[in-house]
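The values are calculated or read from the model by the stated rules, or taken from the named source; none is laboratory data. In this text, all values refer to a predicted model and were calculated from it rather than measured experimentally. For neighbour counting, all protein chains shown are included, and Cβ atoms are generated from backbone atoms with ideal geometry for every residue, glycine included. Quick note on the areas: whole protein, heavy atoms, side chains included, nothing else; ligands and nucleic acids left out. Shrake-Rupley method; radii C 1.70, N 1.55, O 1.52, S 1.80 Å.
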Amino acid sequence: MSQPTLAVLLTLAAGLLYTLGYALAKILSDALDPVQITFLRSAIVLAGWGAWLVVTADAGAAVRRLLAPPRAMDQRLAAAMLIFSTTLAVLGYSLVPVTEASALGFTAPIILVVLGALVLHERVTPRRWVAVALGFAGMLVVVRPGGELFTCAAAVPVAAALTYALYQVMTRRIRGAADEWDATLQGALAGVVLLAPAMPWLWRAPAMADVALVVLYAAVQTAALLCIAGAVRRAEVSGLAPWHYSRIVFALGFDALLFARLPGAWAIAGCALIAAGGLVLAWPRRR
């Protein structure tokens, strides 16, 4: 399997896992604060890493790599951006239905293409612009500007999308120094360090069912982070951007499955446009 193909598959897997994770976070937000949810996810990831240290052959080297990673400042800035994005996303999904929150998050691929060109100096082909435009048009059809969704709450998923796009660009820039696990662990460490000071004011005692759901959420989100970190190490972020639109299809499914919200004709039409964007990108080029 070629590296670009693997990158696309990883991006699709990340979309599925991210959408499931944020649907779980939406359920959790009824009992826990969004900042607390991100803090707990980060703490669980670090705890799992700590358990792994017990059986690894060189625990000292692993600890040194976490505390003093290559290109430490760049990795820590990317980790902080990830935590900021994750916290905003959890808050956004708590305020807005899953499908609509995902659709608003599809400003991220547009931002990725622009940042890929301006920051990473990637060449953005006309076909990529067409694919992204189709996906963005599909998002607009699903959300329908001017409707009841466009409130202050809708700005939160958009802000999450912007910071998530910045995180992906930062991850791409440090791909030679950090692998998927580095990005994941640095994000977990940043989440504990940055969010712990707020816990005395935001902490809500979780029930056992909430704890189990947080563990599942942490596992799903960690798998998603590993997938997206692996994808951006193997392909240009602007090339992967249109494939992020697949998340709207997953969001429609989880809305129906977990929240009993069935998509209407507008949502289906928007998904068709999003799928068309992916097909434009995937269609083989003529020699």
**Fill in**
Mean-square fluctuation maximum in Gaussian network of the chain, Cα pairs under 10 Å, restricted to V215, V141, V54, hits V54
**Asked** What value, in deg cm²/dmol to 500, does the helix sum -39500 (n - 2.57) over DSSP H runs of n ≥ 4 give at 222 nm once divided by the residues of the chain?
**Response** -25000 deg cm²/dmol
**Message:** Which residues does the label zone of R127 cover in the stretch 203-247, counting backbone N under 17 Å from a point 7 Å along Cα→Cβ?
**Reply:** 235-244
**Request:** Please give, to one decimal in nm, the separation of the simple spin-label points placed at R65 and C152, each 7 Å out from Cα toward the Cβ.
**Result:** 4.5
**Request:** Whenever you get a sec, line up W203, W181 from highest to lowest accessible area (probe 1.4 Å, protein heavy atoms).
**Result:** W181, W203
**Request:** Keeping all protein chains in position, work out how much accessible area M81 exposes to a 1.4 Å probe, and write it in Å² to the nearest 10.
**Result:** 40
